[in-house]
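This report concerns only the one structure given below.
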Amino acid sequence: MARYIGPKSKIARKFGDPIFGSDKVLEKKAYPPGMHGANKRRRKQSEYGIQLKEKQKAKYTYGILERQFANMFEKAQRSKGVTGEVLLQLLESRLDNVVFRMGIAPTRSGARQLVSHRHITVNSKVVNIPSYTLRPGDLIGVREKSKSLEAISESLSGTHRSASSWLEWDSTEMTGKFLNRPEREDIPENIKEQLIVELYSK
């Protein structure tokens, strides 16, 4: 399964946003990486550069690579509604993202690993495809044999779960429900999706 495995703090500094979660390095060095540090004179970005950066930010945030992202954009274009918003809804509907949102894993990469290692079920069946697109009404749960996993119990006891109106969670049964695709205001990610649409429209 293709995924980004490079330095995360460097990428977070590039975008000036903790896209992989809280990062102490970003707090200390709130400027892009480079040998000249904060004093480097940086050229003004072109319109294309700004749009490209926004697309890269979305890709890194959700942990997907170029071809998969392009396919998802095409799917969003063919769907009813505002293309940019539909794109974000599709990204949020991925199984690994929902596992992260429910607090079963503290990060999206951690959620991806849980799914790949067959710890997660959808409608009582094991699904090991992180990019699996959920539909309204789908039930997401932790596999019975995996409920005692320390990584899962630690994550659920932490503060990683986001209060999402489009998700339900039963902590007793360790199961959740995907109620519907989120509205744009329910997606907390700092992504300017219109810039991505403009980039692909060139």
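Just so it is clear, none of the values below were taken in a lab; they were calculated from the coordinates. In this text, all values refer to a predicted model and were calculated from it rather than measured experimentally. All Cβ positions, glycine included, derive from the backbone under ideal geometry; neighbour counts span all protein chains shown.
Multiplying the sequence separation of E173 and E74 by 0.36 nm and subtracting their Cα-Cα distance, what value in nm do you get?
Stretched out fully, the E173 to E74 stretch lengthens by 31.9 nm.
Work out how far the C-alpha atoms of the stretch 94-180 reach from end to end along every principal axis, then list the three figures in whole Å, largest first.
29, 25, 23
Length gain on complete extension for the stretch K53 to R67, per 0.36 nm per residue less the alpha carbon to alpha carbon distance?
Full extension of this stretch gives 3.4 nm more.
Treat the count of other C-beta atoms within 10 Å as a stand-in for reagent exposure and order F73, F100 from fewest to most.
Numbers: F73 21, F100 26.
Ascending number of Cβ neighbours within 10 Å: F73, F100.
Measure off 7 Å from each Cα along the Cα-to-Cβ vector at E144 and S116, then give the distance between these two points in nanometres to one decimal.
2.8
Could you work out how much longer the chain between T107 and R135 gets when fully extended? Use 0.36 nm per residue separation minus the Cα distance between them, nm to one decimal.
Value of the extension gain: 7.9 nm.
What is the distance, in nm, between label points placed 7 Å from the Cα along the Cα-to-Cβ direction at D186 and at K44?
About 4.1 nm, to one decimal.
Can you list the HN-Hα couplings for the stretch 66-83, worked out from phi with the Karplus curve (6.51, -1.76, 1.60; θ = phi - 60°), rounded to whole Hz and with x for Gly and Pro?
4, 4, 5, 5, 5, 5, 5, 5, 4, 5, 5, 5, 7, 8, 6, x, 6, 3
Would you pull out the residues with amide H under 5 Å of Y132's amide H, same chain only if 5 or more places away, H placed 1.01 Å from N?
Amide H neighbours of Y132: L95, D96.
Find out how many positive minus negative residues lie around L149, taking Lys and Arg as positive, Asp and Glu as negative, among other residues whose Cβ is under 15 Å from that of L149.
Local net charge: +1.
For a quick check: with amide H placed at 1.01 Å from N, whose amide H comes under 5 Å from T175's, ignoring anything fewer than 5 positions away on the same chain?
D170
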